[in-house]
1. Read through the list (1) within 28 Å of Asp18 (Cβ to Cβ); (2) modelled with pLDDT of 90 or more; (3) surrounded by 20 or more Cβ atoms within 10 Å (Cβ to Cβ), then give the number of the only condition that Gly77 fails.
2. Can you confirm whether Lys88 is on the phi < 0 side of the Ramachandran plot and either under 15 Å from the mean Cα position of the chain (by Cα) or part of a helix (DSSP H, G or I) (or both)?
3. Quick one: which of Leu102, Leu144 is surrounded by 16 or more Cβ atoms within 10 Å (Cβ to Cβ), in a helix (DSSP H, G or I) and either basic (Lys, Arg) or in contact (Cβ under 8 Å) with a residue 12 or more places away in the chain (or both)?
4. So in segment 82-95, with the set limited to residues that are buried (at least 19 other Cβ atoms within 10 Å of the Cβ) and in contact with a Ser or Thr (Cβ under 8 Å, 6 or more places away or on another chain), which one is nearest to Lys27 (Cα to Cα)?
5. Working only within segment 115-130, note down all residues that are part of a loop (DSSP other than H, G, I, E, B) and in contact with a Leu (Cβ under 7 Å, 6 or more places away or on another chain).
Amino acid sequence: MELFIHPEFAPKTPLLVDLDSVQWDIKGITKLLGQLILSADGDIAGDIAEDEGKVALDFDNQAVDIISALAGDIAVGIAVGVPEKMIKALSITSTPVERKELLKEIGLVNKVKNFNTYIAPLVANHWLAMTIPHKPTSPHQKYLTTLNGRLVLEFLKRHTK
């Protein structure tokens, strides 16, 4: 008699990452997060935030799997390489937030320069998603933290413990 094992109970391979070769800036950290996500072999949700609740739950479940495998050195690199205002923007956008409110919450005025310095790089590196991606300049545009952004926040939580 043969007993089959459900794929969810199959042993997971450990995540192996060479942290010495990581460039600890937003692009380097994004590359590292991509490697971690691919290694985790999860069902990664897209960057379009159409159903924010489901997307957030999917991201949180995947983040826990990845975080449980790696934490310490990555958190230190993120803390050093990512500006505090960007980290604050990620934490504010766990639910969708409009641009004006987001900039105000991180202590900045709603100016193009501030947006281009602190928010646009997060969107470009898929740490934040636009709720209306096909209309980036919509007055109803909001921003929501993606899986990458949630991973960054989780790593930083582990660093401060």
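1. So Gly77 meets the others, but not (2).
2. Values: on the phi < 0 side of the Ramachandran plot: yes; either under 15 Å from the mean Cα position of the chain (by Cα) or part of a helix (DSSP H, G or I) (or both): yes.
So Lys88 fits the description; yes.
3. Leu102
4. Leu90
5. Of the residues in segment 115-130, the ones part of a loop (DSSP other than H, G, I, E, B) are 125-127.
If the condition is that a residue be part of a loop (DSSP other than H, G, I, E, B) and in contact with a Leu (Cβ under 7 Å, 6 or more places away or on another chain), then Trp127 is the only one that fits.
The values are calculated or read from the model by the stated rules, or taken from the named source; none is laboratory data. These numbers were taken from a predicted model, which means no experiment stands behind them. Glycine also receives a Cβ, built like all others from the backbone with ideal geometry; neighbour counts cover every protein chain displayed.
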